[in-house]
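First up is the structure itself, then whatever we jot down about it.
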Amino acid sequence: MPTARPSRRHLLKQTTLAAAALSFPTIVPSSVFGQNAPSNRINLALLGSGSRGTDNCQYSFLPQADVRIVAACDCRKSRRESVAKSFNDHYKGEVCKPYADFREVLGRTDVDAVVIATADHWHVPLAYYAAKAKKDVYCEKPLSVAMAWSYKLREMCRKNGTVFQYGTQQRGDQNQFRRACELALNGYIGDVKLVDVWSPDMSTQFGAATKPPYGSTEVVPVPADLDFEMWIGPAPMKPYTADRCTNFGGYHIYDYALGFIAGWAVHPLDIAQWGLGMDNTTPVSYEGTGKIPPKGSLWNTIESFDVISTYANGAKIRNMGSRVAEPVVKAYHQVWRDHGTTFHGTKGWISVDRMAMYSSDKNLQSVQLKDSDKKLNPAAGQGRNFIDCLRSRKATISPVDAAINCDTISHLGDICIRLGRPIKWDAAKEQIVADEEASKMLDRPMRAPWTMA
């Protein structure tokens, strides 16, 4: 583990304490040195002030008394100004400043950490630049559009001792996920041989396009409110259309994302990895099928998918879009929802989603774990866990290594569908085995002047 670095607030507190001792008999209120004192608060900057980033801050960070959100950065002027005003209304003062350029934010010495909630193609570059600037990072999912980018991020995090939290909130925000994983980990359903993982596919958002199902390709003027050059960033420059720089374009255009095989599936995949105890590795073989929109479509990520991934020990994950999964899951499950994770063991099954935990044997619902059972780290929410780890310098509940291993499953599934053939993976070397064409798909060029160096 890297040596813990003293925070700016720690140094400030020590200086203030020394000054107070020298100026006796001045009386300093105890609140000056408390966790919530101005000198000991964590300052966060929001990079990406759209709906996801705003929700993250409003529910995870704004209520925290020992946290201040001091910057709101976005490519859209109206967004950053609106969000900054909203946060300042909460604080009842001018605390949060709007920014057009993230580099100005990272140059602030009083910013301790960033919350990244941009379009997917900016996640890892921004996290890398933040880690390089010695800021800690909370990064929304999915992690990256290129695994090679993610490896560079991991290297920078290790170099600078960055505390990294992945935004797969199910680990920290809802206890039924931890409960299901602990039961699976400790053999209460026998040996787990298969995990069904499913999530919404692109079809659930066809109605969001101005020209359904795959968005408009008609070139239109760039809105005056948008810095289009910055939004595109390291991705290839393309003409502006009404459905490009939207949440849905950011989800379903391959220049900016892998689609819901990564953007949504990462949530149940993350729980599968957690419950199998596989955070430190990935499956070693991948085969599957999927549907890709017609050539020339604006939305061109994989729209429907069915991929089976196999670990070195023989356990399998079946990652399905909701259209594929519905008949499969309904065949055994009491309730159908468009997302979930089911652990199938030799003695039964346990399933979990954002509403509840389910099981083949209702007695599993009331099982009390033994003292000798393996326990997963409880957290008082993904956001609070991040703040606590900023102070302790301990690993978060969703660290960068777990994020990369989970993300790998989506990337290799995408590659095997696009190439129409199975993929073998060397998990130790993080390399595709004996397939040069597939290996090239683990990286993407970055549009100048953007680099990760």
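The values are calculated or read from the model by the stated rules, or taken from the named source; none is laboratory data. It should be emphasised that the depicted structure is a prediction, and the values quoted were computed from it without experimental measurement. Using ideal geometry, Cβ is built from the backbone for each residue, glycine included, and neighbour counts are taken over all protein chains shown.
So, S203, is that one closer than 30 Å to T346 by Cβ, hydroxyl-bearing (S, T, Y) and either surrounded by fewer than 16 Cβ atoms within 10 Å (Cβ to Cβ) or in contact with a helix residue (DSSP H, G or I) (Cβ under 7 Å, 6 or more places away or on another chain) (or both) or not? Lay out the reasoning, then the answer.
Numbers: closer than 30 Å to T346 by Cβ: no; hydroxyl-bearing (S, T, Y): yes; either surrounded by fewer than 16 Cβ atoms within 10 Å (Cβ to Cβ) or in contact with a helix residue (DSSP H, G or I) (Cβ under 7 Å, 6 or more places away or on another chain) (or both): yes.
It is false that S203 is closer than 30 Å to T346 by Cβ, hydroxyl-bearing (S, T, Y) and either surrounded by fewer than 16 Cβ atoms within 10 Å (Cβ to Cβ) or in contact with a helix residue (DSSP H, G or I) (Cβ under 7 Å, 6 or more places away or on another chain) (or both).
So is E94 part of a helix (DSSP H, G or I) and outside the structural domain of D414 (by TED's automatic domain parsing) or not?
Working: part of a helix (DSSP H, G or I): no; outside the structural domain of D414 (by TED's automatic domain parsing): yes.
Considered against the rule, which asks whether it is part of a helix (DSSP H, G or I) and outside the structural domain of D414 (by TED's automatic domain parsing), E94 comes out as no.
Considering only segment 59-78, state which residues are within 16 Å of V105 (Cα to Cα) and more than 20 Å from the chain's Cα centre (by Cα). Write out each step before concluding.
First, the residues of segment 59-78 that are within 16 Å of V105 (Cα to Cα): 68-77.
Answer for segment 59-78, where residues must be within 16 Å of V105 (Cα to Cα) and more than 20 Å from the chain's Cα centre (by Cα): R68, V70, A71, C75, R76, K77.
Only one of (1) at negative phi; (2) part of a loop (DSSP other than H, G, I, E, B); (3) in contact (Cβ under 8 Å) with a residue 60 or more places away in the chain fails for L194. Which number is that?
Here L194 clears every test but (2).
Out of all the residues in segment 224-244, which are outside any strand (DSSP E or B), more than 18 Å from F102 (Cα to Cα) and touching a strand residue (DSSP E or B) at 6+ places or on another chain (Cβ under 8 Å)?
P239, Y240
Go through the residues of segment 167-182 one by one and say whether even a single one is surrounded by fewer than 16 Cβ atoms within 10 Å (Cβ to Cβ), touching a residue at least 60 places away in the same chain (Cβ under 8 Å), of a type outside the set (A, V, I, L, M, F, W, C) and not in a helix (DSSP H, G or I).
No.
Please enumerate the residues belonging to segment 149-190 that are more than 21 Å from F386 (Cα to Cα), hydrophobic (A, V, I, L, M, F, W, C) and in contact with a Lys or Arg (Cβ under 8 Å, 6 or more places away or on another chain).
W149, L185, I189
Just give me the residues in segment 307-363 being of a type in the set (G, A, S), over 13 Å from Y188 (Cβ atoms) and in contact with a Phe, Trp or Tyr (Cβ under 7 Å, 6 or more places away or on another chain), in sequence order.
Filtering segment 307-363 for residues of a type in the set (G, A, S) gives 309, 312, 314-315, 321-322, 325, 331, 340, 345, 348, 351, 356, 359-360.
So of that shortlist, the ones also over 13 Å from Y188 (Cβ atoms) come out as 309, 312, 314-315, 321-322, 325, 331, 340, 351, 356.
Matches in segment 307-363: S309, G321, S322, A325, G340, S351.
Out of (1) in a loop (DSSP other than H, G, I, E, B); (2) surrounded by 15 or more Cβ atoms within 10 Å (Cβ to Cβ), the odd one out for T210 is which?
(2)
Residues in segment 398-415: is at least one without any contact (Cβ under 8 Å) to a residue 24 or more places away in the chain and either touching a helix residue (DSSP H, G or I) at 6+ places or on another chain (Cβ under 8 Å) or more than 19 Å from P283 (Cβ to Cβ) (or both)? Give the steps one after another, and end with the answer.
Restricting attention to segment 398-415, the residues satisfying the condition of being without any contact (Cβ under 8 Å) to a residue 24 or more places away in the chain are none.
For segment 398-415, residues without any contact (Cβ under 8 Å) to a residue 24 or more places away in the chain and either touching a helix residue (DSSP H, G or I) at 6+ places or on another chain (Cβ under 8 Å) or more than 19 Å from P283 (Cβ to Cβ) (or both): absent.
Only one of (1) without any contact (Cβ under 8 Å) to a residue 60 or more places away in the chain; (2) surrounded by 22 or more Cβ atoms within 10 Å (Cβ to Cβ); (3) among the aromatic types (F, W, Y) fails for Y332. Which number is that?
(2)
Go through (1) over 18 Å from P142 (Cα atoms); (2) part of a helix (DSSP H, G or I) one by one and return the number of the condition P445 breaks.
In the conditions (1) over 18 Å from P142 (Cα atoms); (2) part of a helix (DSSP H, G or I), P445 misses (2) alone.
When you check L376 against the structure, is it surrounded by 14 or more Cβ atoms within 10 Å (Cβ to Cβ), part of a loop (DSSP other than H, G, I, E, B) and of a type in the set (A, V, I, L, M, F, W, C), yes or no? Lay out the reasoning, then the answer.
Numbers: surrounded by 14 or more Cβ atoms within 10 Å (Cβ to Cβ): yes; part of a loop (DSSP other than H, G, I, E, B): yes; of a type in the set (A, V, I, L, M, F, W, C): yes.
When the stated conditions are applied, L376 passes them.
Six or more apart or on different chains, Cβ atoms under 6 Å: show the pairs whose first residue is in segment 122-143 and not assigned by TED's automatic domain parsing to the domain that holds D407 and among the aromatic types (F, W, Y) and whose second is buried (at least 24 other Cβ atoms within 10 Å of the Cβ) and assigned to a helix (DSSP H, G or I).
Y128/L153; Y138/F386
Could you pull out the residue among Y311, Y256 that is of a type outside the set (D, E, K, R) and surrounded by 19 or more Cβ atoms within 10 Å (Cβ to Cβ)? I'd like the intermediate steps shown before the answer.
On the way: Y311 fails: surrounded by 19 or more Cβ atoms within 10 Å (Cβ to Cβ).
Answer to the selection: Y256.
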